[in-house]
1. How about the range 129-178: which of its residues are out of contact with any strand residue (DSSP E or B) (no Cβ under 8 Å at 6 or more places or on another chain), at pLDDT 85 or above, more than 18 Å from Gly118 (Cβ to Cβ) and assigned to a helix (DSSP H, G or I)?
2. Of the conditions (1) touching a residue at least 24 places away in the same chain (Cβ under 8 Å); (2) open to solvent by 20 Å² or more (accessible area, probe 1.4 Å), Val139 fails just one. Which one is it?
3. What's the number of the only condition in (1) among the hydrophobic types (A, V, I, L, M, F, W, C); (2) within 13 Å of the chain's Cα centre (by Cα); (3) modelled with pLDDT of 95 or more; (4) part of a helix (DSSP H, G or I) that Met41 fails to meet?
4. Looking only at the range 169-191, count how many residues are surrounded by fewer than 20 Cβ atoms within 10 Å (Cβ to Cβ), closer than 21 Å to Arg214 by Cα and hydrophobic (A, V, I, L, M, F, W, C).
5. Quick one: in the range 65-87, of everything that is part of a helix (DSSP H, G or I) and open to solvent by 10 Å² or more (accessible area, probe 1.4 Å), which residue is modelled with the lowest pLDDT?
6. Working only within the range 44-57, note down all residues that are at pLDDT 95 or above and either assigned to a helix (DSSP H, G or I) or exposed (fewer than 15 other Cβ atoms within 10 Å of the Cβ) (or both).
7. Quickly run through the range 88-105 and pick out the residues that are touching a Ser or Thr at 6+ places or on another chain (Cβ under 9 Å) and either of a type in the set (A, V, I, L, M, F, W, C) or at pLDDT below 85 (or both).
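The values are calculated or read from the model by the stated rules, or taken from the named source; none is laboratory data. If you're wondering where the values come from, they're calculated on a predicted model, not measured in any experiment. All Cβ positions, even for glycine, are placed from backbone atoms using ideal geometry, and neighbour counts span all protein chains on display. Side chains are part of the model used for accessible areas, which takes the heavy atoms of the whole protein and leaves out ligands, DNA and RNA. Shrake-Rupley method; radii C 1.70, N 1.55, O 1.52, S 1.80 Å.
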Amino acid sequence: MGAIISEPQRPPVGSVRTLPLAKILLVDDHALFAQGLAGLMHQEGLAESVTTVATVESAADLLAHDDGFELVLLDIALHGETGLALLPRLARQRETPPVVIISSSEDESTVRAARAAGASGFLAKSAGRSALVTMVRAVIRGEGYFPGGVRPLTQRLPLTPRQMDVLVLLAQGFPNKRICQSLDLTEHTVKTHLKAIFSQLGVHNRTECVNLARAQGWL
């Protein structure tokens with residue numbers, strides 16, 4: 001996977017996005033779904049070019065060397081890793097396109113995890129054509145798109161961005177080792193972040209931490 005379906009004919013991303021978007025990046029490791037979604041985006045006039053990759057690593061490398069993408073559609077589950085791991089890597093770059101999480105899971109905790117990680121929107125894989133079109137239009141207007149009235153996170157949380165990254169992965173059930181791998185951190189650093197998060201919430205274990213973080217609206 002990784003083939004560009006069609007070559008863009010428009011200039012690079014500008015300050016105002018219009019449809020069809022010149023280039024969209026689709027990060028999904030299910031070939032048939034990715035091909036179907038890419039085709040649908042062409043049919044609906046949403047994209048001139050859709051590039052598909054299967055891993056966070058491939059997506060990060062592509063986005064680091066190509067600034068022409070106007071939207072990223074990111075599967076939340078990729079070969080056993082979370083797609084959310086891409087978001088903190090993009091945060092290190094100056095300019096990045098909006099990222100919309102696509103997922104077969106539609107529960108509120110997954111949606112809130114996507115929002116907390118910095119995604120601009122969330123689209124269930126079971127959604128239809130109209131939802132896809134509505135989502136793309138909303139996101140390129142800068143409005144965000146989340147089901148159930150969940151909006152992009154705007155309030156300031158008492159956590160650093162990196163602590164928020166750790167919390168999001170913790171809520172996904174990741175053990176420390178996988179958090180280290182996803183965020184490229186040492187185990188000592190992850191433990192330090194977890195200690196700070198526990199202290200902020202006044203909790204003593206991972207389960208209490210995640211439950212209270214959700215109750216507080218952090219996830």
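1. Answer for the range 129-178, where residues must be out of contact with any strand residue (DSSP E or B) (no Cβ under 8 Å at 6 or more places or on another chain), at pLDDT 85 or above, more than 18 Å from Gly118 (Cβ to Cβ) and assigned to a helix (DSSP H, G or I): Arg129, Ser130, Val133, Arg137, Asn176, Lys177.
2. Only one criterion is unmet by Val139, namely (2).
3. So Met41 meets the others, but not (2).
4. The number of residues fulfilling the criteria is 0.
5. Within the range 65-87, the first condition is being part of a helix (DSSP H, G or I), and the residues that meet it are 65, 83-87.
Subsequent filtering for residues that are open to solvent by 10 Å² or more (accessible area, probe 1.4 Å) retains 65, 87.
On the way: His65: 90, Leu87: 85.
Within the range 65-87, the match that is modelled with the lowest pLDDT is Leu87.
6. Of everything in the range 44-57, just one residue is at pLDDT 95 or above and either assigned to a helix (DSSP H, G or I) or exposed (fewer than 15 other Cβ atoms within 10 Å of the Cβ) (or both), namely Gly45.
7. Pro88, Leu90, Val99, Val100, Ile101
This table checks each residue for (1) over 19 Å from Ala38 (Cβ atoms); (2) within 15 Å of the chain's Cα centre (by Cα).
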residue: Ala91; (1), (2): yes, yes
residue: Val100; (1), (2): no, yes
residue: Ala116; (1), (2): yes, yes
residue: Ala119; (1), (2): yes, yes
residue: Arg129; (1), (2): no, no
residue: Leu132; (1), (2): no, no
residue: Ala138; (1), (2): yes, no
